[in-house]
1. Being exposed (fewer than 13 other Cβ atoms within 10 Å of the Cβ), among the hydrophobic types (A, V, I, L, M, F, W, C) and assigned to a loop (DSSP other than H, G, I, E, B) is the filter here; which residues of region 93-119 pass it?
2. Check 16, 10, 84 and return the single one that is among the aliphatic types (A, V, I, L, M), touching a helix residue (DSSP H, G or I) at 6+ places or on another chain (Cβ under 9 Å), modelled with pLDDT of 95 or more and closer than 17 Å to residue 108 by Cα.
3. Can you name every residue in region 1-16 that is open to solvent by less than 40 Å² (accessible area, probe 1.4 Å) and in contact with a Phe, Trp or Tyr (Cβ under 9 Å, 6 or more places away or on another chain)?
4. If you go through region 65-119, how many residues are touching a residue at least 12 places away in the same chain (Cβ under 8 Å), farther than 16 Å from residue 18 by Cβ and among the basic types (Lys, Arg)?
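The values are calculated or read from the model by the stated rules, or taken from the named source; none is laboratory data. Predicted model only: the values in this text are computed from it and were never measured. We place every Cβ from the backbone using ideal geometry, glycine too, and count neighbours over all the protein chains shown. Accessible surface is based on the protein model in full, side chains and every heavy atom, while ligands, DNA and RNA are left aside. Shrake-Rupley method; radii C 1.70, N 1.55, O 1.52, S 1.80 Å.
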Amino acid sequence: MKFTADHEWVEIEDGVATVGVTNYAQEQLGDVVFVELPEVGRSIAKGEAVGVVESVKVASDIFAPLSGQVAEINLVLTGDPSLVNTDPQSRAWFFKVKLSDPAELNALLDADTYRKLIA
């Protein structure tokens, strides 16, 4: 698992990245009440705002950690956005993206570097 400075986690399998927010991010957000996800098939660019997560405290953009095409979204979150609070780094993944530039993976943080960032 890799991480971004925007508090997202990324897991890569066969050229497809699964993206979600970290436990730290959900703690900062508070109780999540709504998640807006990108459309399947949409081309996204690294750093682009591709969705929104809203909590009782704040609304925050979801940024694309990598460029590519959205292959799948987690429809469970539209019916149960609170899953982001209860299982952020597993069942509450946001979307999957088929990578267009695997070299972008080199800019992601490893777990130790991410832990230092949030310490």
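1. Scanning region 93-119 gives a single hit, 119.
2. Result: 10 is the single residue among 16, 10, 84 that is among the aliphatic types (A, V, I, L, M), touching a helix residue (DSSP H, G or I) at 6+ places or on another chain (Cβ under 9 Å), modelled with pLDDT of 95 or more and closer than 17 Å to residue 108 by Cα.
3. 3, 4, 8, 9, 10
4. 0
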